[in-house]
Amino acid sequence: MPAGRLSRRFVRVALQAVPLVLGVILLNFTLIQLLPGDAAEAFAAESGAATQETMDMLRVRFGVDQPVFAQLINYFHNLSQFYLGFSARYNAHVTDLILARLQMTVLLKFAALVLAFLLGILFGVIMERWRNRWPDKLLSLLSLVLYSTPGFWIGLMLIVVFSVHLGWLPPEGSRTLGGASKGWAYAWDVAQHMVLPVVASATFFVAIFARLTRGAMVEARTADHVRTARAKGLTSRQVTFRHVLRNALIPLSTITGMHVGALLGGSVVIETIFSWPGLGRLTYEAVLAREYVVLLGILLISSILVITANILTDLVQTWLDPRIEA
């Protein structure tokens with residue numbers, strides 16, 4: 001598809017996402033207000049006791065002393081200035097707090113998504129190529145096991161095997177304390193810490209992508225253009241990768257975009273297990289502390305990431321099959 005048509009479709013889809021973002025902002029704010037307690041009560045509970053005057057002072061400090069509608073107007077006013085607020089507990093701007101953690105979550109989840117995508121396609125191609133034979137049955141059983149096993153249990157077992165017993169990989173954190181802070185040594189250190197959480201995050205999606213690739217390729221192989229390609233004398237490998245797999249990538253890209261939200265949602269558990277300093281762990285800390293201004297910022301950024309992933313998925317589908325534009 002020409003780049004001009006692709007860019008016009010991007011603009012059109014992006015404009016359609018604007019009311020969706022506004023709806024998500026309003027929904028997030030409403031759900032947060034329905035939660036019990038606030039940051040002032042959580043802070044007072046940690047202190048053990050607090051007078052009424054202290055509670056009033058804390059509510060003013062945490063910005064929860066105003067009526068709900070006034071808080072909503074103030075929140076939209078801040079958003080219009082691209083300002084997510086200030087966290088009194090962390091003594092930092094919410095934007096800085098989120099960006100410091102966001103890059104670690106994006107790094108971890110992007111690596112997990114790429115690993116799941118590549119392994120899923122590889123397993124799916126093998127399963128379809130040897131359909132109803134032992135490679136297909138073996139990988140189908142493996143996919144069923146990965147799909148049925150919770151990611152947190154896989155993460156714990158990975159820690160027990162590869163960290164406790166074998167000692168090959170670090171069990172937690174994103175870097176070694178006192179280790180290198182830049183250069184290839186730093187990159188290698190971070191990569192070693194990423195292996196276990198990336199594998200634990202990717203296993204569920206490997207199973208989904210593998211089964212979907214197999215089914216899509218089985219269906220695509222019966223299409224007319226595939227029979228025409230065979231009649232032209234193309235080899236089995238050329239038919240598989242040029243015609244069958246390309247068409248199978250269309251539903252696969254759809255499912256990939258749909259599961260970005262699930263991948264981000266699962267980061268809370270995975271990052272807590274592996275003590276990974278990402279957005280999921282920050283979400284967990286914000287919920288415990290009733291730091292709703294931070295939680296609102298995390299929900300907004302996560303929603304925008306999911307919407308952006310769906311827009312990119314739409315563009316990838318249009319590139320794979322120009323008929324979608326029509």
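The values are calculated or read from the model by the stated rules, or taken from the named source; none is laboratory data. The structure displayed is predicted, hence computed values, not measured ones. Neighbour counts are summed over all protein chains in view; Cβ atoms, including those assigned to glycine, are modelled from backbone coordinates with ideal geometry. Note: areas computed on protein heavy atoms with side chains; ligands, DNA, RNA excluded. Shrake-Rupley method; radii C 1.70, N 1.55, O 1.52, S 1.80 Å.
Rolling a 1.4 Å probe across the protein heavy atoms gives the range 95-157 an accessible surface of 58 Å² per residue. Once you reduce the range 62-109 and the range 115-193 to the center of their Cα atoms, the two points are 34 Å from each other.
Taken over the C-alpha atoms, the range 97-159 has Rg and Dmax values of 15.7, 52 angstrom. Across the range 73-191 the C-alpha pair distances fall into 10 Å bins from zero in the proportions 10, 22, 27, 22, 13, 5, 0 percent. Between Arg129 and Phe69, the simple spin-label model (points 7 angstrom out along Cα→Cβ) gives 6.6 nm. Taken over the alpha carbons of the range 134-210 as equal point scatterers, the Debye sum produces base-10 log I(q)/I(0) values at 0.19, 0.26, 0.27, 0.28 Å⁻¹ of -0.83, -1.11, -1.15, -1.18.
Distances between placed amide hydrogens fall under 5 Å for Ser275 paired with Gly173, all partners being 5 or more residues away or on another chain. Label zone (Val161, point 7 Å along Cα-to-C-beta; backbone nitrogen cut-off 19 Å) within the range 267-306: 270, 273-274.
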